[in-house]
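Presented below is the structure to which this report refers.
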Amino acid sequence: MIDEKKLEERLVALEAAKSWSPRVVSRLEMLLRSGTDEALYRINPIQFATEKSIAEAEAIDLFLHGCMVGLFDMDWMLVCPMCSDVVESFRSLRKLHTHFHCHLCQSDYDAALDDYIAVTFTVSPAVRSIRFHQPDALSAWDFVFHYKLTPGGILPDGVPWSEAAKELVRVLTRIEPGSVANLEVDAAEGALLGQDFESDAQFFFPVAGRASATPSPVPVMLDSGKCVAATPDIAPGKVVFEVRNAGKLPVVFGILQLPMATFQRPKLHFAPALSGKRLLMTQTFRDFFRSEVISATEGIAVLDVTLVFTDLKGSTALYERIGDLNAYIQVQRHFQHLLDATVRHNGAVTKTIGDAVMAAFLTSADAVRAALDMREAVDQLNRDRPQRDFILKIGVHRGASIAVTLNERLDYFGQTVNIAARVQNLADGDEICITEEVHGAPSVAEIIAPYPVARSEAQLKGVSKAMSVYHLARVAS
């Protein structure tokens, strides 16, 4: 059911939020009005961008602004890499933790913002109600194949694992507390796997030999996440399992037919999705979701991030020469140009420190392009002035980091941050310094090919070995 008044009001607010490309909001409106319940649950904005021919960055902004005006709720999901099960989901980053256990695979994982953490969007129940807003009322089939499993895990043959798994299911049902379900399956050679989809309770029986004329029912008891079952020899043919739920909560229980007793699930790859890392490097998220913090005391790992540090050379003299107020206004203009260059190249400004900027990027190629744009933008500022008041120094480094909350702000911490800041200190005025890790990243060599580059070895404080640093000068005019 759609609340027309709220939908219209919120679409108007979304349309006014920023200047969108033509028909972007209308495509979203069509989804909200005519999309199936499945299509409006855990929407992948990257997939939406592909299907609707929208730039990915704009699609991400569209859903973030949609959250701000009340069209969507955001979900941070921990996704099992083995079976694409949504192990847990959270409405807020502050509730996210990084150590998780998949009941279906009975495996433990440590998540990083790059891996196993995906962000999706579900239509707000205030705008349109869908059956997934009430997971306890879902059928067992919907609960497992739409609420628990994501379609993003893909088998080597291109089939989503969630679709392939449907072919294995012989019985799937919800069993109320204190109830007994007689589950009949026609077993084939291989194995039968019985699974409570919300706990580690499961049984595994090989299927082999000759069928008995009158096989006895197999008793199974589920209680508080444990499964106690008889250990019969099961042969091909009809088998009845008497499954008793002795616990205090309903259980979604299924029996799967596996092709062999030593069945190994093929390794999955995942369709492109909005990772936690990419969202934290989206300026709109940082601007509008400032209340989101990482509550984990150890932070959350980021396996690969490229950081850009900038600083203005001689800014103290500028304040003395033209006065604090005038200098402050000019420095803010410089900040805006750096922010624009950062956003244009898929990054986000993490913080400003005095006259310096720290920005984070998904790729080194984006970071280097942004650095070159920053230098050009500051040069344009100087062309409107009687003398070169703005002289920018830039450092770029790539590596692993830790996303943390410092001073009520999402930030990055660790050696990669330290090195990026110190590499910036090596730069002369109008110079960009990049490390070997950045220089060797995909597409960077082609980007910097037109510029004079000098290589040096630098001994940085806190780094045991000398580092190769590449100094990018301007192209001679």
Number of the condition not met by residue 57 [criteria: (1) closer than 26 Å to residue 134 by Cβ; (2) open to solvent by 30 Å² or more (accessible area, probe 1.4 Å)]:
(1)
Hey, residue 419 of a type in the set (Val, Ile, Thr) and more than 30 Å from residue 300 (Cα to Cα) or not
no
Which one of the conditions (1) of a type in the set (S, T, N, Q); (2) out of contact with any Asp or Glu (no Cβ under 7 Å at 6 or more places or on another chain); (3) under 22 Å from residue 439 (Cα atoms) does residue 336 fail to meet, given that it meets all the rest?
(3)
Farther than 12 Å from residue 305 by Cα, open to solvent by 10 Å² or more (accessible area, probe 1.4 Å) and either touching a residue at least 60 places away in the same chain (Cβ under 8 Å) or not in a strand (DSSP E or B) (or both): which single residue out of 405, 352 fits that description?
405
I need every pair where a residue in the range 408-437 that is crowded, with 16+ Cβ neighbours inside 10 Å has its Cβ under 9 Å from the Cβ of a residue that is part of a loop (DSSP other than H, G, I, E, B) and of a type in the set (Asp, Glu), sequence separation at least 6 or different chains.
410/292
For the range 54-81, the count of residues that are among the charged types (D, E, K, R), in contact with a helix residue (DSSP H, G or I) (Cβ under 6 Å, 6 or more places away or on another chain) and in contact (Cβ under 8 Å) with a residue 40 or more places away in the chain equals 1
Among the listed residues 202, 264, 257, 195, identify the single one that is free of Cβ contacts under 8 Å to residues at least 40 places away in the same chain and under 23 Å from residue 166 (Cβ atoms).
264
In the range 1-53, how many are hydroxyl-bearing (Ser, Thr, Tyr) and surrounded by 15 or more Cβ atoms within 10 Å (Cβ to Cβ)?
1
Which of the residues spanning the range 378-402 are among the β-branched types (Val, Ile, Thr) and in a strand (DSSP E or B)?
391, 394, 396, 402
Leading residue by the ranking (modelled with the lowest pLDDT) among those in the range 310-327 that are open to solvent by 20 Å² or more (accessible area, probe 1.4 Å) and within 27 Å of residue 368 (Cβ to Cβ):
314
Among residues belonging to the range 408-424 that are out of contact with any Gly (no Cβ under 8 Å at 6 or more places or on another chain) and part of a strand (DSSP E or B), point out the one that is modelled with the highest pLDDT.
412
Considering only the range 245-286, state which residues are out of contact with any helix residue (DSSP H, G or I) (no Cβ under 9 Å at 6 or more places or on another chain), surrounded by fewer than 19 Cβ atoms within 10 Å (Cβ to Cβ) and of a type in the set (Gly, Ala, Ser).
246, 261
Taking the range 157-169 as the search range and keeping residues that are in contact with a strand residue (DSSP E or B) (Cβ under 8 Å, 6 or more places away or on another chain) and not hydrophobic (A, V, I, L, M, F, W, C), which one is surrounded by the most Cβ atoms within 10 Å (Cβ to Cβ)?
162
Here the residues within the range 195-246 that are under 39 Å from the mean Cα position of the chain (by Cα) and outside any strand (DSSP E or B) are 197, 198, 199, 200, 201, 224, 225, 246
Can you tell me which residues in the range 355-377 are part of a strand (DSSP E or B) and over 25 Å from the mean Cα position of the chain (by Cα)?
356
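The values are calculated or read from the model by the stated rules, or taken from the named source; none is laboratory data. All figures in this text were calculated on a predicted structure; none of them were measured in a lab. Cβ: placed from backbone, ideal geometry, glycine included. Neighbour counts: every protein chain shown. All accessible areas refer to the heavy atoms of the entire protein, side chains included, with ligands and DNA or RNA removed. Shrake-Rupley method; radii C 1.70, N 1.55, O 1.52, S 1.80 Å.
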